[in-house]
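Novice: Quick one: the structure is below, and I'll ask about it shortly.
No value in this document is a laboratory result; all are computed from the given coordinates. It should be emphasised that the depicted structure is a prediction, and the values quoted were computed from it without experimental measurement. Virtual Cβ from ideal backbone geometry, glycine too; neighbours counted across all protein chains shown.
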Amino acid sequence: MRLALRRDGFASATACGVDEALASIRSRPFDLVVQDMNFSRDTTGREGLALLAELRRVRPDLPVILITAWGSIGLAVEGMKAGAADFITKPWDNDHLLRSVRTALSLARERSRPLDAPQPTRRALDERYDFGELIGCAAPFLAALGLAGRVASTDASVLIVGESGTGKELFAEAMHRNSPRAGKPFVKVNLGGISSTLFESEMFGHVRGAFTDATADRTGRFERADGGTIFLDEIGELEPASQVKLLRVLQDRTFEALGSSRVRRVDVRVISATNRDLDRAAREGAFREDLYYRLNLISLRLPALRDRPDDLPLLARHFVERIGRAYGRPGLLLEEDALAPLGRRDWPGNVRELKQTIERAALLTDGDRLRAADLEVALALGSREQVTALPAPGAMTLDELERAMIVQCLRHYGRNVTRAADALGLSRAALYRRLQKYAIDPEQS
């Protein structure tokens, strides 16, 4: 280990036993400690936890990386709870060890920033980082942007937490784009859509003949992300059996393709996201603690849209401009009075819901100016509360319900077939076919 550290430009010193270690720490300005959990005849690892506690007492700011055997990962998790920066399993890989050392040092520098340091402005952040379409200037949003920028250059595993629609995938892409891995792949995986039976094949690949339908070799997501970043979305939905398999590759960055005995090594940065409270799930046993601590070296919490109301006008105008370009309506504008109905909403679907509302309003209006009335209609059509207005089961057939909805839309839009078709999500031709089917005369509706 000393040779590997020296080759990478680090000066190091070794200590044999607790007393020597503590004496060295007190007398010299070390930046980091790599500590084995077992260093005498005691094989329980408790002496390692005791030394960690003493190191934390003597130097609370000193990052400590634990070295442990695979079978005692539970103790390493206890160490992470006690303040360790990371843990590595034996036998370690030098490249993995050095990445962990560099990441721990970078994060230590980040955490040493004064708590009262001024929050950078949006202009300052944009001068330093490429945040693309991450729109907003509200204080909680700038705090999240600043943290994303500072940890982007590290290899730290980041867990992005936030409600649905807050932009977790955009933040993951931004961190990749601002990292040394920017020229390498960014691979997105929605774990909520992968069952435990397909997990190994999807994530690690398979070889021909591994199972009945495996007619050719398949490259898994981790191998496709080699050198780059893998984004594990909906990590909180991962089934327990798959959590064990994921933990192993995150521990030592090695895996075996399904049906193969060849060990493959990958160099990936892991960013994950969830809208669940994983800390609580881990404490309650619904999510593996060791996996949680492996994923959560840095926690990035994204604010809900209701917590950044000052950003509503910026986001709304941004979406109007983007939607105008997408639909070939470059003159599309948002009138000032249209912001009023947007400001009155709580936005349970966050930024994604706002974008859908703007798009719905743009489809419903004939002109190039979105007014308050257009936004009111778009909000009403997208409201989740409309579900309560459905007839009771058995009260109407599906055809009767469709006919009633068509008539209601035609009345609402003054018998304008084009706007009614847009609101119903149909083409004009499809709506005319239904008018003929149900013998509806638009002029008499």
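Novice: What ³J(HN,Hα) values, in whole Hz, does the Karplus curve 6.51 cos²θ - 1.76 cosθ + 1.60 give for segment 363-378 when θ = phi - 60°, with x put for Gly and Pro?
Specialist: Residue by residue, segment 363-378 yields 6, 7, 8, 7, x, 9, 10, 8, 9, 4, 4, 4, 5, 4, 5, 4 Hz.
Novice: Just to confirm the number: angle between the C-alpha axis of helix 240-252 and the first principal axis of the chain, 0 to 90 degrees, nearest 10?
Specialist: Here the helix axis deviates by roughly 50 degrees.
Novice: For the chain, compute the orientation-averaged projected area of the C-alpha convex hull (one quarter of its surface), in nm².
Specialist: Directional mean of the projected Cα hull area for the chain stands at 28.7 nm².
Novice: Quick check: from the Cα gyration tensor, does segment 307-440 come out rounded (a/c under 1.5), prolate or oblate?
Specialist: Because a/c hits 1.5 or more and a/b fails to exceed b/c, segment 307-440 counts as oblate.
Novice: Whose amide H sits under 5 Å from the amide H of PHE287, counting only residues 5 or more places off or on another chain, with H placed in the peptide plane?
Specialist: ALA282
Novice: Distances over 18 Å make up what percent of all Cα-Cα pairs in segment 196-267?
Specialist: So the pairs more than 18 Å apart make up 36 percent of the total in segment 196-267.
Novice: To the nearest 10 degrees, how steeply does helix 139-152 sit against the main Cα axis of the chain, on a 0 to 90 scale?
Specialist: The helix 139-152 is inclined about 50 degrees to the chain.
Novice: State the antiparallel share, in %, of DSSP beta bridges confined to the chain, rounding to the nearest 5. Don't jump to the answer; show the numbers that get you there.
Specialist: Values: 5 of 34 bridges.
So the antiparallel bridges in the chain amount to around 15 percent.
Novice: For a quick check: sort SER157, SER261, SER12 by the number of other beta carbons within 10 angstrom, fewest at the front.
Specialist: So the ranking, lowest neighbour count to highest, is SER261, SER12, SER157.
Novice: Given the alpha-carbon gyration tensor of segment 75-229, what are the semi-axes of its equivalent ellipsoid in whole angstrom, ordered largest first, with each equal to the square root of 5 times an eigenvalue?
Specialist: Those come to 33, 22, 15 Å.
Novice: Taking amide H positions as placed in the peptide plane 1.01 Å from N, state which residues far from VAL34 in sequence (5 or more) or on other chains have amide H under 5 Å from it.
Specialist: For VAL34, the qualifying residues are ILE65.
Novice: Assuming a ≥ b ≥ c are the square roots of the Cα gyration tensor eigenvalues, decide whether segment 9-128 counts as rounded (a/c under 1.5), prolate (otherwise, with a/b larger than b/c) or oblate.
Specialist: It comes out prolate by the Cα gyration axes.
Novice: Please give the length that would be gained between LEU3 and ARG248 if that part of the chain were fully extended, namely 0.36 nm times their separation in residues minus their C-alpha to C-alpha distance (nm, one decimal). Don't skip to the answer; put the middle values down first.
Specialist: Values: separation 245, 0.36 × 245 = 88.20 nm, distance 2.66 nm.
Going from the current span to full extension adds 85.5 nm.
Novice: Give the Rg/Rh ratio for segment 305-364, taking Rg as the radius of gyration of the Cα atoms and Rh as the Kirkwood radius, to two decimals.
Specialist: 0.95
Novice: State which entries of LYS90/LYS245; LYS245/LYS355; LYS188/LYS245; LYS81/LYS245; LYS90/LYS188; LYS188/LYS355 exceed 26 angstrom in Cα-Cα distance in the structure shown.
Specialist: Among LYS90/LYS245; LYS245/LYS355; LYS188/LYS245; LYS81/LYS245; LYS90/LYS188; LYS188/LYS355, the Cα-Cα distance tops 26 Å for LYS245/LYS355; LYS90/LYS188.
Novice: Can you sort HIS96, HIS206 by how many other beta carbons sit within 10 Å, fewest first?
Specialist: HIS96, HIS206
Novice: Can you list the trypsin sites (Lys or Arg not before Pro) in segment 1-33 that are in a DSSP coil and have 10 or fewer other beta carbons within 10 angstrom?
Specialist: Here no loop site has a sparse enough neighbourhood.
Novice: Within 10 Å of each candidate Cβ there may be at most 15 other Cβ atoms; applying that plus a DSSP loop requirement, which GluC sites (Glu not before Pro) in segment 269-351 survive?
Specialist: Within segment 269-351, the qualifying GluC sites (Glu not before Pro) (loop, at most 15 other Cβ atoms within 10 Å) are GLU284, GLU335.
Novice: Further question: Of all the Cα-Cα pairs you can form in segment 122-303, what percent are over 22 Å apart?
Specialist: The answer is 46 percent, as a whole percent.
Novice: Can you list residues from other chains, or at least 5 along the same chain, whose modelled amide H is less than 5 Å from the amide H of LEU370?
Specialist: Here the answer is LEU333, LEU334, GLU335, since their amide H atoms fall under 5 Å of that of LEU370.
Novice: Looking at segment 171-277, which chymotrypsin sites (Phe, Trp or Tyr not before Pro) are DSSP coil and have at most 14 other C-beta atoms within 10 Å of their C-beta?
Specialist: Those that pass, being in a loop and sparsely packed, are PHE211.
Novice: Show me, for segment 264-274, the HN-Hα J-couplings you get by feeding each phi into the Karplus relation (A = 6.51, B = -1.76, C = 1.60, θ = phi - 60°), rounded to Hz, glycine and proline as x.
Specialist: 10, 10, 10, 10, 10, 9, 10, 10, 10, 8, 7
Novice: Would you kindly give the portion of the calculated P(r) for segment 394-444 that falls above 15 Å, as a percent of all Cα pairs?
Specialist: 38
Novice: Quick one: angle between helix 46-58 and the longest Cα principal axis of the chain, in degrees between 0 and 90, rounded to 10, please.
Specialist: 80
Novice: Then there's this: Starting from 0 in steps of 10 Å, tell me what percent of the Cα-Cα pairs of segment 1-70 lands in each bin.
Specialist: In order of increasing distance, the bins hold 19, 53, 27, 1 percent.
Novice: Turning to a different aspect of this structure: Sort LEU232, LEU3 by Cβ crowding within 10 Å, fewest neighbours at the top.
Specialist: LEU3, LEU232
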